[in-house]
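The values are calculated or read from the model by the stated rules, or taken from the named source; none is laboratory data. Computed from a prediction, not measured in an experiment: that's the story for all the values here. Virtual Cβ from ideal backbone geometry, glycine too; neighbours counted across all protein chains shown.
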């Protein structure tokens, strides 16, 4: 993985229409984006589709990337996640019941990093998540990583969808206060 | 933060977290286009939560994927190109020029909107804005832009008093089947915002207040002006929570629903006593856009 500064440089070149830079950007980020999409979609054919669309959008919108507002990887992941979430919501809410095994696999912390590999930002966020009640924390992580909707969380946590919404919002506001930014 | 801001930030947070349903996602996409403050909230949440992806295991995509992306680039041209097809803009919305990648003037439509100056209720509005997300012919899109579901057009126009179209921006957003038309009502970032979703097939409207002060002695009322020159008709009052009115549009055919102007006015409790908007008609921007 390239450093964030290298990715910013590549993004600038991509914004100018540099295809070679785009290929390098793809090589440096494809596995992360694919991992994110696959986790939400759970089907490689859908992940292929989403990643293809996401990179075309990245190519077209590279000029609107602002390094003051986001890191390149955050910006790119947001594009891929949004595509994946749009697709999974359009497909309806049935998918999770179809795949109980996938559900089991959707652990809250997918790939625990050694503490030294964590950025300060991640450590801060994890500390804030740690202040949430266990269920609330799992809910937030399942939603973020596995793309569960309120209805799916409602089934999983045996609570009405409206209650889930209230819990999610409270948890998110708590995270915001805790991060203080 | 006020409860209004809190609600908006909660909506932005859930959008980023991913827990909104398809219709709410379409509404949030539309709001991002017209409300810079909301877009900024979304960016902040992407930043806050985005670090979580460092813990997602990388998975190599299949090799042919790059070839498909690359051939998509060749078809679509270089970065910065217009995202809309060069060919065959729909007849009702001819492209006349493209001043920037995202802004397109549509004279024919503008003419139509100028026709609204005849409508008195619009004159009462300082600004009336609508974003329409409409189904768009997928077959005119280059293949790499062609989604599996028909994409959707967001039409936003800024209508000011005297009624005049300032600009139209054309974008496409992925839209769920459920939300064929989405309108965003917002005058400025400080004023209340409403999202209107119209299901053309079911003739159903849903209004969702995103950031709107609840006032004990006032109520918001939704209106439709089906044709230029015709007085608006009430589509009902907007409740404090999500407001759904089935069959509110049963008198209108799909073409009218798609092209009508919608307005929200501030009225006494129980709604307008005259059958016409009496209070200020809020908000406004009609844009057309593609992220």
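Numerical summary
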| quantity | calculated |
| --- | --- |
| Subset of the stretch B:254-291 that is part of a loop (DSSP other than H, G, I, E, B) and exposed (fewer than 15 other Cβ atoms within 10 Å of the Cβ) - its residue that is modelled with the lowest pLDDT | B:280 |
| Residue selected from the stretch A:13-25 under the condition facing chain B (nearest Cβ under 8 Å) and buried (at least 22 other Cβ atoms within 10 Å of the Cβ), by the criterion farthest from residue B:56 (Cα to Cα) | A:14 |
| Count of the stretch A:125-180 residues which are farther than 23 Å from residue A:90 by Cβ and more than 8 Å from every other protein chain (Cβ to nearest Cβ) | 26 |
| Qualifying position, being surrounded by fewer than 17 Cβ atoms within 10 Å (Cβ to Cβ), in contact with a helix residue (DSSP H, G or I) (Cβ under 7 Å, 6 or more places away or on another chain) and modelled with pLDDT of 90 or more, among B:13, B:57, B:88, B:39 | B:39 |
| Filtered residues of the stretch B:25-49 (kept if farther than 21 Å from residue A:66 by Cα and either at the interface with chain A (Cβ under 9 Å from one of its Cβ atoms) or over 12 Å from the mean Cα position of the chain (by Cα) (or both)) | B:25, B:26 |
| Sole exception among (1) surrounded by 21 or more Cβ atoms within 10 Å (Cβ to Cβ); (2) more than 28 Å from residue A:139 (Cβ to Cβ); (3) at the interface with chain B (Cβ under 10 Å from one of its Cβ atoms); (4) at pLDDT below 95 for residue A:1, by number | (1) |
| Among (1) crowded, with 24+ Cβ neighbours inside 10 Å; (2) facing another protein chain (nearest Cβ under 9 Å); (3) modelled with pLDDT of 95 or more, the one test that residue A:30 misses | (1) |
